[in-house]
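Working notes, beginning with the structure itself.
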Amino acid sequence: MSKERETLKKWLEESDNIVFFGGAGVSTESNIPDFRSTDGLYHQQYDYPPETILSHSFFVRKPEEFYRFYRNKMLFPDAEPNRAHKALAKLEKEGKLRAVVTQNIDGLHQKAGSREVLELHGSVLRNHCMECGKFYGLETILNSEGIPRCECGGMIKPDVVLYEEGLDLPTIQQAVFYISNADVLIVGGTSLTVYPAAGLIDYYRGNKLILINKSVTSMDSRADLVISGPIGEILGDAVEI
């Protein structure tokens, strides 16, 4: 085991106030493509760029086109938690991890057993009618064609934060609370380029900032520990999953 991985293991064993902040790279080992890697979502070709399709104005203007892309490229109902998700759930169960703050919308942290999960960008598992507010699960979207409609006739919208939409304020406030009070902050599977979410790292005041990523990030120079590699393998080994 490398010196960096030994340090990670030691810090996790010693702390009971760990917070995890993660992005798309956490779920790539569950075969969910990320956004910005070479083979990620943003490098594929469509009639419109993904950023345009996943915007609020496009959803309102061309909902049928939005849903065609959304069903094909954003929904992975058969995905299972990987070692990273399971390691974090285990740390929480042991009373060591206080919260998971995630940019992901796939619900895999909860599926692995994590309970305190702050979803900055919402979840594909939740959907609601834009007219009456009635809740619908993922199955409704998967089993419908074209624009999913509520019993009242209203259009159903996924509870995911689209471009041009603001993040949920109470979720942001909770994330700031956990991060600013953390002893150990693990940041993993994120390029730290999506704001305002990436700016939450600035609230960390401790001296055990751990970055686990396959590629270099703008925060590497500020981190106390940087480990390069697959996050599932690294966290899974550290927590013995």
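Taking only pairs six or more apart or across chains, which ones have beta-carbon atoms under 8 Å, a first residue in segment 85-98 that is open to solvent by less than 100 Å² (accessible area, probe 1.4 Å) and modelled with pLDDT of 95 or more, and a second residue that is acidic (Asp, Glu) and not in a strand (DSSP E or B)?
Taking only residues 6 or more apart or on different chains, the pairs are Glu92/Glu116; Gly95/Asp16; Lys96/Asp16.
Say whether the condition of being over 27 Å from Glu80 (Cβ atoms), modelled with pLDDT of 95 or more, out of contact with any strand residue (DSSP E or B) (no Cβ under 8 Å at 6 or more places or on another chain) and of a type outside the set (Val, Ile, Thr) is met by at least one residue in segment 113-129.
no
Identify, by number, the condition in (1) touching a Lys or Arg at 6+ places or on another chain (Cβ under 9 Å); (2) more than 29 Å from Leu200 (Cα to Cα); (3) open to solvent by 80 Å² or more (accessible area, probe 1.4 Å); (4) not basic (Lys, Arg) that Asp47 doesn't meet.
Among (1) touching a Lys or Arg at 6+ places or on another chain (Cβ under 9 Å); (2) more than 29 Å from Leu200 (Cα to Cα); (3) open to solvent by 80 Å² or more (accessible area, probe 1.4 Å); (4) not basic (Lys, Arg), the lone unmet condition for Asp47 is (1).
Could you list, in sequence order, all residues of segment 131-183 that are among the small types (Gly, Ala, Ser), within 19 Å of His121 (Cβ to Cβ) and in contact with a helix residue (DSSP H, G or I) (Cβ under 7 Å, 6 or more places away or on another chain)?
Ala175
What is the one condition in (1) modelled with pLDDT of 95 or more; (2) at positive phi that Gly189 does not satisfy?
The failed condition is (1).
Got a sec? Which strands (runs of 3 or more DSSP E) wholly within segment 105-199 have at least 2 residues that are open to solvent by 10 Å² or more (accessible area, probe 1.4 Å) and free of Cβ contacts under 8 Å to residues at least 40 places away in the same chain?
Where strands (runs of 3 or more DSSP E) fall fully within segment 105-199 and carry at least 2 residues being open to solvent by 10 Å² or more (accessible area, probe 1.4 Å) and free of Cβ contacts under 8 Å to residues at least 40 places away in the same chain, they are 122-129.
Of the residues Pro81, Pro63, only one is within 21 Å of the chain's Cα centre (by Cα) and either at negative phi or open to solvent by 20 Å² or more (accessible area, probe 1.4 Å) (or both); which?
Step by step, each of Pro81, Pro63 is checked, and only Pro81 is within 21 Å of the chain's Cα centre (by Cα) and either at negative phi or open to solvent by 20 Å² or more (accessible area, probe 1.4 Å) (or both).
The values are calculated or read from the model by the stated rules, or taken from the named source; none is laboratory data. A quick note: this is a predicted structure, and the numbers were derived from the prediction, not measured. Positions of Cβ are backbone-derived with ideal geometry, glycine not excepted, and every protein chain shown enters the neighbour counts. Just so you know, the surface numbers come from the protein's heavy atoms only, side chains and all, with ligands and any DNA or RNA stripped out. Shrake-Rupley method; radii C 1.70, N 1.55, O 1.52, S 1.80 Å.
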